[in-house]
1. Please list the non-local residues whose amide H lies under 5 Å from the amide H of residue 649, H modeled 1.01 Å from N, same-chain partners needing a gap of 5 or more.
2. Go ahead and collect, in residue order, the members of segment 568-588 whose backbone nitrogen is under 15 Å from a label point 7 Å along the Cα-Cβ direction of residue 515.
3. Show the residues, 5+ positions off or on another chain, whose built amide H is closer than 5 Å to the amide H of residue 676.
4. What's the extension gain from residue 727 to residue 882 if we count 0.36 nm per residue and subtract their Cα-Cα distance?
5. Short version: ³J(HN,Hα) in whole Hz for each residue of segment 356-367, in order, from phi by Karplus 6.51 cos²θ - 1.76 cosθ + 1.60 (θ = phi - 60°), x for Gly and Pro, what are they?
6. Quick one: 428, 204, 437, fewest Cβ neighbours within 10 Å first, how do they rank?
7. In segment 605-728, if the dipole is taken from +1 on Lys/Arg beta carbons and -1 on Asp/Glu beta carbons about the Cα centre, which of 649, 700, 624 is farthest to the positive end?
8. If amide hydrogens are placed 1.01 Å from N in the peptide plane, which non-local residues have theirs closer than 5 Å to the one on residue 619?
Amino acid sequence: MVPGPRPKLKTVYKKARTIAPLHTSGPVAIVSDGSKVVTCVAEDALLTDVVTGIQICRFVGDTQSITSLCVTPSDSHLLLFTSAPSLRIYEVPSSSGARVVHPVRIIARAHDAPVHVCTVDPTSTYLASGSADGVVKVWDISRGHVTHLFKGHGGVVSALAFNLARDPSSVSQERVWQLITASVDTRVRIFDLTSTLAKDQGALRPVAVLEGHVSVPRGLEVTLDGKWLITGGRDSVVLIWDMTSKSPVGKDQGGRKGKGKDFSPALAKTIPVMERVEAVGLIRSDESNVGPSTGLTGLRFFTAGEKGVIKVWDAKEGTCLYSLGHEEGSVSEDQEDPRQIVDAFYVSSTSTIISVHADQNILFHSLDTRSLTRQLIGFNDEIVDAVFLSEADSHIALATNSSLIRVYSTVSLDARLLSGHTDIVLSLDRCARGRILASGSKDRSARIWASSPPESSGGDGLPGGQQWGCVALCEGHAESVGAVAMSRTVGDGQSHPQFMFTGSQDRTIKMWDLSDVPLAYDISRSGDDLPQKCKSLTTQKAHEKDINSLDVAPNDKILASGSQDRTAKIYEVNYSPGKGSRSAHGELRLLGTCRGHKRGVWSVQFGRTERVLATGSGDKTVKLWSLDDFSCVKTFEGHTNSVLRVDFLNFGTQLVSTASDGLLKLWSVREEECIATLDNHQDKVWALAISADERTIVSGAADSVITFWEDCTEEEERDKELKREELVLREQEFMNYLSLNDYRRAIQLALAMQQPGRLLSLFKAIRSTSSRSDSYESDMSSVTGNAAVDEVLRTLPGSDLARLLRYVRDWNSNARTSEVAQGVLFAIIKLHSVDDVVNAFGDENQETALASLGQPAETDSGKSGAGGTALKELVDSLIPYTERHLSRMDRLVQESFVVDYILSEMDDGMFDGVENNAMDVDVVVET
């Protein structure tokens, strides 16, 4: 058999995309069409495209946490308040060109206390903000000043809403423009904004005070025609108020006489919702059916709160029509449910309700299909493991510092959460071409997960129709399950895993029978149905300390385990599937122990084509072991901290490893050296996953960042080949120009190729040619001795001139090339003004910025300032060497006089005598 060609080494993996923290804490805002979301990460706000998951821009903060933010209905401005408390106004970019957005206006002391709620009126003209000291301010956004100031709230302002009635059927010409506020004193106040403070001091007081809640109102919304007000609070009720009712009393509920005395909204309906309400909103698509004659008929609204679900209600009947989302199990009163909803938004254009949860997740529910269409995970915490799912590697599962497993789509940020474990998930593995997922947890159990068939997944699955659920449970360990490994081959005639191994902190390895585990998740079963329990086939006391990693050989005949006891052990796997009445049988037999690491073994991995085992250890090394005699055949050194994960690439000719130093390293097994280092993490890289085609490597770290690395080896080689061909052609052109004495094009080409060596040789040749040329005397008027070269130096573009001066600086540091450097420098000074040289460096800086960041051009003043700084640095480096060369030349001149004197003293007048005799001979001849 003729061996095939050796596979080419993969040498370049470039960062294709990352999944970074999207929302860590704080408020959230949605643009009017729901296509973009504004979230808070640390002290900055991020604008993210919902469909692609790509970050559009970052709004720079002021090192203070963000307490409240909102986007104008026109999507033109973002307004946010920080804990300072300051108001910062940003312009929302219309495209993804600008990566960093700075505020267009900053009001340093907008309130005297932190602002927790703010909203913008429908015309995008005015901003209302409520602070913790009970003060409400109305701002003119374009001018940045306060137009109204309202006090008297009995504590923190909890909700705000504008009432700008827009009823085209109304015959009344009276303008209705009101601000509705709620505070922790449980009262809802209505202020009239049409009265100016200068003409009516009574406008400071509310025209009505609504008392009906017994706890904090958190949601306010008014119908578009201004006839109905809906309020929801933490007292678990929703109140509907009739805003058109008139009261014949002499005083309004604000306690003052005069204007507004006939305005007193009446309570029309009380609806108990049986949960603390955090957000209330109207379903505006049905609001066209609401009118004076129909009353509440057709009016629908939604509530969101502590149970983590969206409920849609019929206002007339006071009944819940349907719920969106899954209600979580109850928690104790002293514990906050992490799945509860803290805010919710309704997008009428797409008929979508967006809910923001306390665990930093953002869910998109479609009212048309009544299902979950998209979920954005705000924060993943520490990522400890990752595996690809599905046959096409279209999804990836992540184990984070949580009991929930994250399943991401690899093409977007859309994700789903798999709940089942009661403690942190520590390890993941897959089988059956990515259709089966196994997980091990601190709850001392392992679970088997399967995807539903695409045709039966409903609307809550990921793109592609997949929905995952738990189908089997493995219980029996006494401590945390830190490692899982499934069989690599499948049973006869079906894609079914045969067995699974689990390793635990109790230092044992258990073998589980998976022959009866279903391959598909049935979404029609009720939530009360318990998953199937797997049978343990054998239990092996394996190590003296915690077991960190397990791996099954590609033929399912060998198992490897790595432990904190600094060893890796190899076991023979004997498995007999059950037939008829006979049950499945399995056992492990120790074959050998790999000793040599000085610290615990964090990862073990079998080679896919050869009988070798790779191990990564806390001693900062990767070792390759032979499975024939269990000896170490190779050691790879290069990491500066513990090696946490290791895997094979490229038919076993390469290794990839991750470590606590935040780096990924690509190794050549044959050469035993590091080929490439990948750097995009700031903390321990625990997770490593490689796609089936090996074009994508996914790494996840303790810094909550997931990085997708794409294989660009072929593209890099093609680029290098194209550059090499271009360089050869340019070098040939350069030689042709030299042979034709076309110095202008030769200099320009050498500068374009950025080859200072060729440029130095060119100037040397020009100087030597000019000194020997018959026309040298005719070119004495030129600075360089060649008029063509003078013209080239005089007309050089700014960036080329700056580059040439940098080459001159480098040449000037060497005595052998200083003559050429001084000549070129002299020519530049004679042929260019100081302003030309300064602007040249400014042009260079500008071109560099445009090429790297794509930022707009700088102003002339900024360009001159940058050029002046660069020129000063260049002059500072030129002066010391120039002074040194001048001193050297002075010494040479002085030494030449000494040589002349010595020669004159050495001849003892001999040469003078010869000269006198010659003169006498000449006289005699003439006579």
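Any read-out appearing in this document is the output of simple, stated calculations on the displayed coordinates, not a laboratory observation. Just so it is clear, the structure is predicted and the values come from calculations on it, not from any experiment. We place every Cβ from the backbone using ideal geometry, glycine too, and count neighbours over all the protein chains shown.
1. 654, 655, 656
2. Under 15 Å, as judged by backbone N against the label point of residue 515, lie 574-587 of segment 568-588.
3. 666
4. Between residue 727 and residue 882, full extension yields an extra 52.4 nm.
5. Rounded to whole hertz, the list is 10, 9, 5, 8, 6, 9, 10, 10, 10, 10, 8, 6.
6. Going from least to most buried by this count: 204, 428, 437.
7. Farthest along the dipole direction, towards plus: 624.
8. Counting only residues 5 or more places away or on other chains, the set is 598, 599, 643.
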